[in-house]
Structures are given as C-alpha cells and as structure tokens.
Amino acid sequence: MKTPFKSVIFCYYAIYAIILIIVALGSYCTPKTPWINADATVIRVIYSILVLYLLFSIPLTLKWFHNNIKKIKQLTDEQKKIERYTKDNYIVLAIISFGLLASLICFYLFKEQSYIYMAGIEIIALLFCKPTEKRMINDLLPEEDKETTSENEPTADDSNKQTKNE
C-alpha cells in the first residue's frame, strides 16, 4: 500500500528538483538582456494569460480535488480508491506545476520581474498540494472509520485520571 503513495511523493519532489535545475540553468546561462525582444503588448498579453491561468487553476484544481476525495471515500474497493487517488494527485500536481514552469520560462525569455512573483505564488500553491502518507491515508478513510478510531484512542485526560486513581 505504500508504493503508490511513494510514487506520488517522489513526483512531488521531482517537480521541485526540476524547478531548481531550471532556475540554476536559467540564472547561469541566460544573458542580461532578454532572449526575445518582444513587443510590450505581446508581453502584456502573455502575462495576462498566465495571471488568468493562475487565478483560475489553483482554486478550481484544489476544489476539484477536494470534491473527488469525497467521491473516492465512498468507493468500496481499496485498490480502486488508491488508483483514483494517485491519478487525481498527479493531475493536481501537473496543473499547478505547469503554471510554475510557464512563469519561470517567461521570466527567462522576457526578463520581466512580475513572472517571478507568479512563480512564487505557484510554489506556495504547490506546498498546499504536498502529499504525505499520513494525509493520503486520512483522505482515503471513510468518515465513519475516523470517528471510531478517534473514540477508541485514549486522550491525555484519560491517562491523567488513571494515574490519579492508582
């Protein structure tokens, strides 16, 4: 059960590794002047498209993922749950990392500082999508199982009462 989760976690960190490689190569290899001497209106149009992508992709993707988690919890087959959850995780990571890569590439092509700010926003959005095994297991458990496990676990008050009684 750990192998599909580890592949999603590996993909998440691979995205950061690719971003670091692009940043390192871009800062080392790009000249001080822009690679593409585009008209200011072209740069403004590309910037507007990326801002719109950023504004719509992040909240809609996270909302879509949250709704799909609710649907996945209702499945009975554990293997299908895991497959759908990992597939949806890959989709979310791809959508958000596409905006990040596009804004970094546009920064190095046009040398416009505003693209770096968009990349920073995308990095923060990517932090909200960080997959951990504990989070994935909690997302896949039905609500009834979470309530029964939390009722059975002793709390700190219970342990204090037991020590006072002894």
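The values are calculated or read from the model by the stated rules, or taken from the named source; none is laboratory data. Keep in mind it's a predicted model, so treat the numbers as computed, not measured. Positions of Cβ are generated from backbone atoms using ideal geometry, with glycine treated the same way; all protein chains shown enter the neighbour counts.
Out of the residues in segment 118-134 meeting the condition of being of a type outside the set (A, V, I, L, M) and modelled with pLDDT of 90 or more, tell me which one is surrounded by the fewest Cβ atoms within 10 Å (Cβ to Cβ).
Gly120
Residues to consider are Glu83, Glu122; find the one that is among the charged types (D, E, K, R), in a helix (DSSP H, G or I) and touching a helix residue (DSSP H, G or I) at 6+ places or on another chain (Cβ under 6 Å).
Exactly one of Glu83, Glu122 is among the charged types (D, E, K, R), in a helix (DSSP H, G or I) and touching a helix residue (DSSP H, G or I) at 6+ places or on another chain (Cβ under 6 Å), namely Glu122.
Among the residues of segment 75-111, what is the count of those that are surrounded by fewer than 15 Cβ atoms within 10 Å (Cβ to Cβ) and of a type in the set (D, E, K, R)?
Looking only at that region, the number is 5.
Please go through segment 26-41 and pick out each residue that is out of contact with any helix residue (DSSP H, G or I) (no Cβ under 9 Å at 6 or more places or on another chain) and modelled with pLDDT of 80 or more.
The answer is Tyr28, Ala40, Thr41.
Determine the pairs where a residue that is hydroxyl-bearing (Ser, Thr, Tyr), located within segment 70-89, has a partner that is modelled with pLDDT of 85 or more and buried (at least 16 other Cβ atoms within 10 Å of the Cβ) with Cβ atoms under 7 Å apart, the partner being 6 or more residues away or on another chain.
If the second residue must be modelled with pLDDT of 85 or more and buried (at least 16 other Cβ atoms within 10 Å of the Cβ), the pairs left are Tyr85/Ile72; Thr86/Val8.
Given the structure, is Phe65 modelled with pLDDT under 90, in a helix (DSSP H, G or I) and in contact with an Asp or Glu (Cβ under 7 Å, 6 or more places away or on another chain)?
It is false that Phe65 is modelled with pLDDT under 90, in a helix (DSSP H, G or I) and in contact with an Asp or Glu (Cβ under 7 Å, 6 or more places away or on another chain).
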